[in-house]
Amino acid sequence: MTTTTTTRFVSVVGGAFLGLTALSASAATEMPPLPDVTGDKVQADGDFKIKFSIGTTESGAQYRGLEYFEKIVEQRSDGHIQVDLFPGAQLGDDREATSALQAGTLEMTMPSTSPLVNMFPQFAVFDLPFLFPQPEMADAVLDGEIGQQMLEDASSQGLVAIGWGENGYRQLTNSQHPVEKPEDLDGLKIRTMENDLHLDIWRTLGANPTPMSFAELFTALEQGVVDGQENPWITIESSKFNEVQDYATETNHVYTPFITLVSARFWDRLPEDYQALVRDAATKMGDYQREVSRTLNDQIKQDLKDSGMQITELSPEQVKVFQDQLEPVYEDWRDEIGGELIDDIREQVQQAQEQE
Ligand code: TK8
């Protein structure tokens, strides 16, 4: 390794790969290699510590992305920025961690957009059912003009929004019986994120939804306070929901992004060069999270089957029944979200579909 003042260095990261190995122990999955840390070494004044809190556990793709973020920031700042990771909602759930950023008692978090709709109503567009038929279409919107504008708009209220990540396509699970059609949801108590549009979705399908923090979800499922919930396969496995849920339905009903947030109080203390480093690392983290999440998705679904979970895979015709029943939700939420934003995204999706 050669060193000059603005050093370009490359290193292969061993430790973090161990984390992935632990995750793949239960799944014979071909893992994407951990990207090298690339980019110039950044020199600026001062030493800083970042506490980075998330709600999902350390065996998920989200945490894997954070490990990559930690590696980039610590190496490229030559240790002048230390990153400590707090998975599993140790420092609060999505809303609590976001409030802690506003108060300046926490530096970074990466919540789902859904629980923050009370602060940023435009985020509700991502809660519309079946909006993105493929994840690449979500990438195009999030990494494009719309997504960048949303990051700017969300850089307010004591927060700085610096990037996107992938929570993923949500799947329904429950402890009672297989669900193949909306009627099967009758009487099922389903936990949703704290988000009115999600409540609307499950009411419209005939279920009995209740909003709840992610931090309380496992216990609520275990104790039968709720019958079911919905999350991506990787979160179902990394949170061990399959231990308290016997049935799952592959609904892919909503694609949920994560958003990377920094406390504005902390951000304003960071020298500009370090701000650029943290922003670059957040972008790389998000891209990597997407890669890991998509690489693992099918294998993890297989793991869940192997663990005894009865997974219902819907035919396109069966999916269409859910989709048609939920179409009125678009009209109901048009004014709240903004018709123009919905139309722009739907048009972008349609163009992408036509180019396939
Ligand atoms: C984790 C949450 C979770 C979300 C939920 O903090 O609440 O169900 O899907 O990923 O953001």
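Values as computed for the structure displayed
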item: Net charge, Phe52 excluded, C-beta distance under 11 Å - Lys, Arg +1, Asp, Glu -1; result: -2
item: For the stretch 302-354, alpha-carbon Rg relative to the globular expectation (2.2 N^0.38 Å, N residues); result: 1.65
item: 222 nm mean residue ellipticity, helices alone, for the chain (DSSP H n ≥ 4; -39,500 (n - 2.57); rounded to 500); result: -13500 deg cm²/dmol
item: Fraction of antiparallel bridges per DSSP, the chain only, in percent to nearest 5; result: 55
item: In the stretch 123-215, the GluC sites (Glu not before Pro) that fall in loop regions by DSSP, at most 15 other Cβ within 10 Å; result: Glu180
item: Placed amide H near Asp78: partners under 5 Å, 5+ positions off or other chain; result: Val42
item: q = 0.07, 0.11, 0.15 Å⁻¹: log10 I(q)/I(0) that the Debye formula gives for the chain, counting C-alpha atoms only; result: -0.30, -0.74, -1.36
item: Table column - 3J(HN,Hα) (Hz), the stretch 268-278, Karplus curve with 6.51, -1.76, 1.60, x for Gly and Pro; result: 5, 8, 7, x, 3, 5, 6, 4, 5, 5, 5
item: Shape category assigned to the stretch 66-106 from the gyration tensor of Cα positions, a/c cut at 1.5; result: prolate
item: Amide hydrogen neighbours beyond the local backbone of Val83, cut-off 5 Å, H modeled; result: Ile50
item: Label-to-label distance, nm, for residues given as Val225 and Val321 (7 Å Cα→Cβ offset); result: 3.2
item: Potential extension, Gln134-Asp36 segment - 0.36 nm per residue separation minus Cα distance; result: 32.5 nm
item: Pairwise centroid distance, computed over Cα atoms, of the stretch 69-117 with the stretch 158-202, Å; result: 24
item: Residues with amide H under 5 Å from that of Leu172, placed H, sequence gap 5 or more; result: Thr249, Thr251, Asn252
item: Spin-label model distance (nm) - Ser155 vs Gln90, 7 Å beyond Cα toward Cβ; result: 3.0
item: Stokes-Einstein translational diffusion, the stretch 187-266 - Kirkwood Rh over all Cα pairs, 1.306 mPa s, 10 °C, in µm²/s; result: 115
item: The stretch 170-303: equivalent-ellipsoid semi-axes (sqrt of 5 x gyration tensor eigenvalues, Cα, Å); result: 34, 17, 13
item: Pair-distance profile P(r), taking every C-alpha pair of the stretch 70-218, with 5 angstrom steps and integer %; result: 2, 8, 14, 18, 18, 17, 11, 6, 4, 1, 1, 0
item: Length gained when the stretch Lys305-Gln82 is fully extended (0.36 nm per residue, less Cα-Cα span); result: 76.3 nm
item: Inter-probe distance in nm under a simple model that places probes 7 Å from Cα toward Cβ, at Glu331 and Thr210; result: 3.2
item: Derived scalar couplings ³J(HN,Hα) [the stretch 61-70; Karplus, 6.51 cos²θ - 1.76 cosθ + 1.60; whole Hz; x for Gly, Pro]; result: 5, 4, 5, 4, x, 5, 4, 5, 4, 4
item: Cβ-Cβ FRET estimate between Glu272 and Arg294, R0 fixed at 35 Å, reported to 0.05; result: 0.55
item: ³J(HN,Hα), Karplus 6.51/-1.76/1.60, whole Hz, each residue of the stretch 222-236, x for Gly, Pro; result: 4, 8, x, 5, 10, 8, x, 7, 9, 7, x, 3, 5, 6, 4
item: Cross-link reach list, aspartates and glutamates versus Lys49, counting only Cα pairs under 18 Å and skipping chain neighbours closer than eight places; result: Glu67, Glu70, Glu74, Asp78, Asp84, Glu107, Asp268, Glu272, Asp273, Asp280
item: Average accessible area per residue (Å²) across the chain - probe 1.4 Å, nucleic acids and ligands excluded; result: 42
item: Within the accessible area of the chain (1.4 Å probe), percent carbon and sulfur; result: 46
item: Residue pairs, from the table Lys189/Lys284; Lys41/Lys301; Lys51/Lys301; Lys51/Lys305; Lys71/Lys305; Lys181/Lys240, whose Cα atoms sit over 28 Å apart; result: Lys189/Lys284; Lys41/Lys301; Lys51/Lys301; Lys51/Lys305; Lys71/Lys305
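The values are calculated or read from the model by the stated rules, or taken from the named source; none is laboratory data. The shown structure was predicted, so the numbers you read here are calculated from the model rather than taken from an experiment. Virtual Cβ from ideal backbone geometry, glycine too; neighbours counted across all protein chains shown. Side chains are part of the model used for accessible areas, which takes the heavy atoms of the whole protein and leaves out ligands, DNA and RNA. Shrake-Rupley method; radii C 1.70, N 1.55, O 1.52, S 1.80 Å.
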